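First comes the structure, then the notes that go with it.
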């Protein structure tokens, strides 16, 4: 019995899960997935007419949302630092501009989001109208951040595709070119990894953008649709974080 228990408790997947959960981002992605599943499931139950059970899931969604806002209180400064670092990077001009704009968009979103959190827990007292305006402005900054992220991803995808095509066209053969070929293959591998990472971010942004767009009044989507979109983007983010902390590509 002790052997079976040790095999379960010390199983590599359990250890990997603990390592994933030991990171702030890992916990946030887990809470976010539960939050958006709750959003979808509450909508589903309401449509079935089960309002009592739906209220439980709506409460879970609300509490997880508040908890996640608390976890993000220091994030605005991180995005300001990222914007400043991007300004000194050697990336192409348009990619640099869209990166800075993206980070500033997220800075604005999280700054207003902190005010929403403070209002929710009654740390500050604002009228319902003011709270609604602050929440809408947060969504507007979030939309802007994701929009610039999508533009950045598209620009980067085009650049990497051109570089990959040029490298493949320059392929040489022969023993005298072995060193050059090894260097080229290394660069091809780097570009492939960068393209995979960029495509993953694009997919995440495509699912995420509908949430703030709906909150800002730009689109009108059901709670169920937004819940599914948020759940998928959360799982994509969780997958990337799992691979990062566990050393997998």
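Every number in this text was worked out from the coordinates using simple rules, so none of it is lab data. All values derive from a computational prediction rather than experimental measurement.
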Length-normalised contact order of the chain in % [C-alpha pairs under 8 Å, at least 6 apart]: 27
Per residue Cα convex hull volume in Å³ - calculated over the stretch 32-129: 144
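For the stretch 81-183, what mean projected area does the convex hull of the alpha carbons give, in nm²? Write down the numbers at each step before the final one.
Values: hull surface 36.6 nm².
With every direction weighted equally, the projected area is 9.2 nm².
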Cα long-axis angle, helix 178-208 against the chain (0 to 90 degrees, to the nearest 10): 20
At 0.692 mPa s and 37 °C, Stokes D of the chain from Kirkwood alpha-carbon radius, µm² per second: 157
Viscosity 0.692 mPa s, 37 °C: Kirkwood-radius Stokes-Einstein D of the stretch 38-82 over Cα pairs, µm²/s: 274
Tilt relative to the chain, helix 223-245 - C-alpha long axis, 0 to 90 degrees, to 10: 50
With Cα atoms, 0 to 90° folded angle of helix 12-21 axis to the chain main axis: 70
Cα Rg, Dmax (largest Cα-Cα span) when computed across the stretch 84-130, Å: 16.1, 46
Highest-MSF residue in the chain out of 228, 124, 191 [GNM, Cα springs under 10 Å]: 124
Gaussian network model of the chain, springs between alpha carbon atoms under 10 Å - residue of 169, 238, 55 with greatest fluctuation: 169
Convex hull volume of the stretch 13-57 per residue (C-alpha atoms, cubic angstrom): 74
Over the chain: helical MRE at 222 nm, DSSP H runs n ≥ 4 each giving -39500 (n - 2.57), nearest 500: -29000 deg cm²/dmol
GNM result for the chain, Cα springs below 10 Å: residue of 42, 132, 182 fluctuating most strongly: 182
